[in-house]
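J.: So that we are looking at the same thing, I have put the structure below in structure tokens.
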Amino acid sequence: MKICVFGAASAHIDEIYVKTVEELGEKMAKRGHSLVFGAGGTGLMGAAARGVKRGGGYVHGVVPEFFKHNEVEQLFDDCDKITYTDSMRERKAIMENEADAFIITPGGVGTFEELFEVVTLKQLNRHDKAIVFLDIGGYYSELEAFMHTACERKFITPSCLKLYEIRTDTDGVLNYLESYVPVTVPFKKTKLGE
């Protein structure tokens, strides 16, 4: 399966996140999966790619052309395939289309945008792919609490909380993806609560 991993590009995060995502990448490859990602060489993007390569897997990086010229971030230099795009939107679209499933690792604003986009697209029945958060050290616990608050206050429906899963360990993440059976939740149920 081609797995899209979203995560931090920051090189300044705690080593526990990096080690865990490297472990995730290596296990992905050893279990026969490949990686599609944003082509970053640092942070958790770089960690996922290093892990996949260490496990003997295939890595496809997708990055806007302007990253090369403006030195936005260091790119992973051992991609098996790299696709340059004209925009961030095109970058996300390629990753979303290429992927069979999504893993959300800890990240910042860019990761939040990516995670909410794939959840929203699933809510709108634009895909039925698995989405799972790797919650390292409780990183996503407050986001999950916020999602429940939004549900309690009727900004989202309870069905929206079933569009993704949260796991706290790498095996749990991969076991979920490998056993995932797509269930399309009717748009009206996730959007309108009918």
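All of the numbers you see were taken from the coordinates with simple rules; none came from a lab. Here the structure is a predicted model, which means the values were calculated and not measured. Note: ideal-geometry Cβ built from the backbone for every residue, glycine included; neighbour counts use all protein chains shown.
J.: For the list (1) without any contact (Cβ under 8 Å) to a residue 60 or more places away in the chain; (2) under 24 Å from Pro182 (Cβ atoms), I need the number of the one condition that Phe66 fails.
T.: Among (1) without any contact (Cβ under 8 Å) to a residue 60 or more places away in the chain; (2) under 24 Å from Pro182 (Cβ atoms), the lone unmet condition for Phe66 is (2).
J.: Related question: Please go through the range 135-150 and pick out each residue that is touching a residue at least 60 places away in the same chain (Cβ under 8 Å) and in contact with a strand residue (DSSP E or B) (Cβ under 6 Å, 6 or more places away or on another chain).
T.: Residues satisfying the conditions do not exist here.
J.: Something else: Looking at the range 24-45 only, could you name the residues that are out of contact with any helix residue (DSSP H, G or I) (no Cβ under 8 Å at 6 or more places or on another chain) and part of a helix (DSSP H, G or I)?
T.: Lys30, Met45
J.: Are any residues in the range 96-145 among the polar types (S, T, N, Q) and in a loop (DSSP other than H, G, I, E, B), and if so, which ones?
T.: Thr105, Asn125
J.: Working only within the range 3-17, note down all residues that are closer than 15 Å to Phe76 by Cβ and surrounded by fewer than 22 Cβ atoms within 10 Å (Cβ to Cβ).
T.: Of everything in the range 3-17, those that are closer than 15 Å to Phe76 by Cβ and surrounded by fewer than 22 Cβ atoms within 10 Å (Cβ to Cβ) turn out to be Ala9, Ser10, Ala11.
J.: Got a sec? Which of Glu165, Glu152 is charged (D, E, K, R) and surrounded by fewer than 13 Cβ atoms within 10 Å (Cβ to Cβ)?
T.: Criteria check complete, one pass: Glu152.
J.: Take the residues in the range 97-139 that are of a type in the set (Phe, Trp, Tyr) and surrounded by fewer than 21 Cβ atoms within 10 Å (Cβ to Cβ), then tell me which one is farthest from Phe6 (Cα to Cα).
T.: Tyr139
J.: Okay, moving on. Could you list, in sequence order, all residues of the range 151-166 that are hydrophobic (A, V, I, L, M, F, W, C), in contact (Cβ under 8 Å) with a residue 40 or more places away in the chain and not in a helix (DSSP H, G or I)?
T.: Selection gives Leu163 alone.
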